[in-house]
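No value in this document is a laboratory result; all are computed from the given coordinates. If you're wondering where the values come from, they're calculated on a predicted model, not measured in any experiment. Don't worry about glycine lacking a Cβ; one is built from the backbone with ideal geometry, like all the others, and counts go over all protein chains shown.
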Ligand SMILES: NC(=O)c1ccc[n+]([C@@H]2O[C@H](COP(=O)([O-])OP(=O)(O)OC[C@H]3O[C@@H](n4cnc5c(N)ncnc54)[C@H](O)[C@@H]3O)[C@@H](O)[C@H]2O)c1
């Protein structure tokens, strides 16, 4: 079996690379290193079944196709994870974000169509925008500002979803969509602007934790190992073409509660700094994972405190290599 993973040098992509290699299959990673890091692939490069193509999936469609052909590679499964993912990254790279999810998704779907490969699109809870339904089920259409500062990400993912469904409907590609909710763990970049690395970096530097708004907005936090397990189950499962499945942790925490947990686990006194809530920041976020549970037998196992402890250990540089 050959698995092609775009965004392989990123946070989630690199864990997927390691997990598929651990299964003994061949893995090809593609990444342009826009927000990823070669260091995430150090372990993978030690495995002969891993190969890496440094390319922009949105721009180098021909090159990607040529490289795959030259290597006589026909993937059986394509996981499209290439995209800036943190609000800070997609604010810095709005056009690149749109391209990765539009042209990049199309390139992957073309390869899937030619190779008769299964395709899985890494979509996002941001497809629901600032949701009016709670918790969010896959049937909810969302409440997205199409022209706001987050629209480059939200709408690009929604376009990627529509493209995925069109290739399934009209080209018969075995294409699936995962709507991923807030995932965290080691290998996140300290400065990527997301709440988990923000709080941990600030706690370890004995700085006040920055609360945007009043901190009553909620998030759910899924540890990366749980997410990888869910993605692999989805990639393995027969007869799920054309599906949309939420993957995330359904336990909801306010940002204030989360700040307390980070401070406790880091062993530092809790101090807050305050900043204005960013525009279009969702007030509540929590997945309904009934479908993932029914179709994949999946639910997250790792408690927030345990996941935070592992992430803090990594940030301290004291963790065993991941
Ligand atoms: N982490 C989360 O909480 C979360 C939540 C929902 C969805 N997702 C999705 O999962 C995927 C991975 O997210 P992540 O958190 O690992 O982010 P990340 O930034 O760590 O990883 C993304 C990777 O994609 C690469 N990339 C970006 N544009 C590319 C392009 N045009 N061609 C090739 N490579 C490109 C980057 O260099 C990076 O290595 C993204 O598609 C993201 O939208 C993540």
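Quick one: of the DSSP bridges fully inside region 163-261, what percent are antiparallel, nearest 5?
Of the beta bridges lying entirely in region 163-261, close to 35 percent run antiparallel.
With both partners inside the chain, how many of the DSSP beta bridges are antiparallel, as a percent to the nearest 5?
About 10 percent, rounded to the nearest 5.
Could you please tell me the mean projected area of the C-alpha convex hull for the chain, averaged over all directions and given in square nanometres to one decimal?
In nm², the orientation-averaged hull projection of the chain is 15.0.
By how many nm would the segment from residue 74 to residue 25 grow when fully extended, if each residue of separation counts as 0.36 nm and the alpha-carbon distance is taken off?
Extending this stretch completely gives an extra 16.3 nm.
Round to the nearest 0.05 the FRET efficiency obtained for residue 264 and residue 145 when R0 = 35 Å and r is the Cβ-Cβ distance.
According to the calculation, E is roughly 0.50.
On full extension of the chain, what length is gained from residue 95 through residue 132, given 0.36 nm per residue of separation minus the C-alpha to C-alpha distance?
10.5 nm
List the relative contact order of region 220-300 as a percent without decimals, with contacts defined as Cα pairs under 8 Å and 6+ residues apart. Don't skip to the answer; put the middle values down first.
Numbers: 69 pairs, mean separation 40.0, N = 81.
Relative contact order comes out at 49 percent.
Test of understanding: ordering 225, 31 by Cβ neighbours within 10 Å, fewest first, what list do you get?
225, 31
Quick one: in region 177-237, what % of C-alpha pairs are over 20 Å apart?
Of all Cα-Cα pairs in region 177-237, 39 percent lie more than 20 Å apart.
Going by the alpha-carbon gyration tensor, a ≥ b ≥ c the square roots of its eigenvalues, is region 130-208 rounded (a/c under 1.5) or, if a/c is not under 1.5, prolate (a/b greater than b/c) versus oblate?
The shape class here is prolate.
Taking Cα centroids, how far is region 131-158 from region 254-310 in Å?
20 Å
When the Kirkwood hydrodynamic radius is evaluated over all pairs of different C-alpha atoms of region 65-209, what value in angstrom, to one decimal, is obtained?
Here the Kirkwood hydrodynamic radius works out to 16.7 Å.
Calculate, for residue 207 and residue 166, the FRET efficiency according to 1/(1 + (r/R0)^6) with r their C-beta to C-beta distance and R0 41 Å; round to the nearest 0.05. Write out the running numbers ahead of the final one.
Working: r = 47 Å, r/R0 = 1.15.
Efficiency for this residue pair is about 0.30.
How would 279, 96 line up from fewest to most surrounding beta-carbon atoms within 10 angstrom? Please report the intermediate quantities before stating the final value.
Values: 279 9, 96 22.
With the sparsest Cβ surroundings first, the list reads 279, 96.
Which one, 159, 140, 20, has the greatest fluctuation when you compute a Gaussian network model over the chain with C-alpha springs under 10 angstrom?
140
With a ≥ b ≥ c the root eigenvalues of the C-alpha gyration tensor of region 201-322, is it rounded (a/c under 1.5), prolate (a/b larger than b/c) or oblate?
Oblate.
What percent do you get for the relative contact order of region 172-228 when only Cα pairs under 8 Å and 6+ apart count?
Reported as a whole number, the value is 44 percent.
Which order do 53, 200 fall in if you start with the one that has the fewest other Cβ atoms within 10 Å?
With the fewest neighbours first, 53, 200 line up as 53, 200.
Could you work out the relative contact order of the chain? I mean the mean sequence separation of Cα pairs under 8 Å and 6+ apart, divided by the number of residues, in percent.
Normalised by residue count, the contact order of the chain is 16 percent.
Relative to the present Cα-Cα distance, how much length would full extension add between residue 316 and residue 279 at 0.36 nm per residue of separation?
Net length gain for the segment: 10.1 nm.
Applying 1/(1 + (r/R0)^6) with R0 = 35 Å to the Cβ-Cβ distance of residue 59 and residue 238, what FRET efficiency is obtained, to the nearest 0.05?
Using R0 = 35 Å, I get an efficiency of 0.55.
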